[in-house]
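Asks: The structure follows.
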Amino acid sequence: MLVLVTYDVNTETAQGKRRLRNVAKACTKYGQRVQQSVFECEITSSQKLELIHELLEIIDSEKDSIRFYNLGSKYSTKVSHYGRQTHHPLDEVLII
């Protein structure tokens with residue numbers, strides 16, 4: 001299933017900047033960045049629970065927030081993109 005993860009981390013302190021880096025690093029393990037604080041993750045339900053748990057360990061719930069948008073398995077008709085594409089489509093082959 002495709003899950004869109006968005007986050008807003010307060011970066012007024014050094015600890016906040018560290019949390020921001022750690023949230024992005026955790027999301028990178030599960031998906032790809034499509035905008036500054038937005039990741040597309042094609043993951044299973046159990047991977048989603050792992051990601052949620054990992055992110056909740058990182059953030060300060062008094063200062064930061066995370067949102068998960070479940071787009072399901074048939075997401076191709078639910079996503080429209082306009083402008084410069086900064087990521088690789090999830091359903092295409094990527095050779096590194």
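Asks: Please state which one of Leu2, Leu55 is closer than 27 Å to Gly83 by Cβ, of a type in the set (A, V, I, L, M) and in contact with a Cys (Cβ under 8 Å, 6 or more places away or on another chain). Can you show your working first?
Replies: Values: Leu55 fails: closer than 27 Å to Gly83 by Cβ.
Just one listed residue meets the conditions, Leu2.
Asks: May I pose another question? Restricting to the stretch 1-49, name every residue that is closer than 19 Å to Ser73 by Cα, touching a residue at least 12 places away in the same chain (Cβ under 8 Å) and surrounded by fewer than 15 Cβ atoms within 10 Å (Cβ to Cβ).
Replies: If the condition is that a residue be closer than 19 Å to Ser73 by Cα, touching a residue at least 12 places away in the same chain (Cβ under 8 Å) and surrounded by fewer than 15 Cβ atoms within 10 Å (Cβ to Cβ), then Thr44, Ser45 are the ones that fit.
Asks: So Val5 clears everything in (1) modelled with pLDDT of 95 or more; (2) more than 14 Å from the chain's Cα centre (by Cα) except one condition, right? Which one?
Replies: Every listed condition holds for Val5 apart from (2).
The values are calculated or read from the model by the stated rules, or taken from the named source; none is laboratory data. These figures come from a predicted structure and were not determined experimentally. Glycine also receives a Cβ, built like all others from the backbone with ideal geometry; neighbour counts cover every protein chain displayed.
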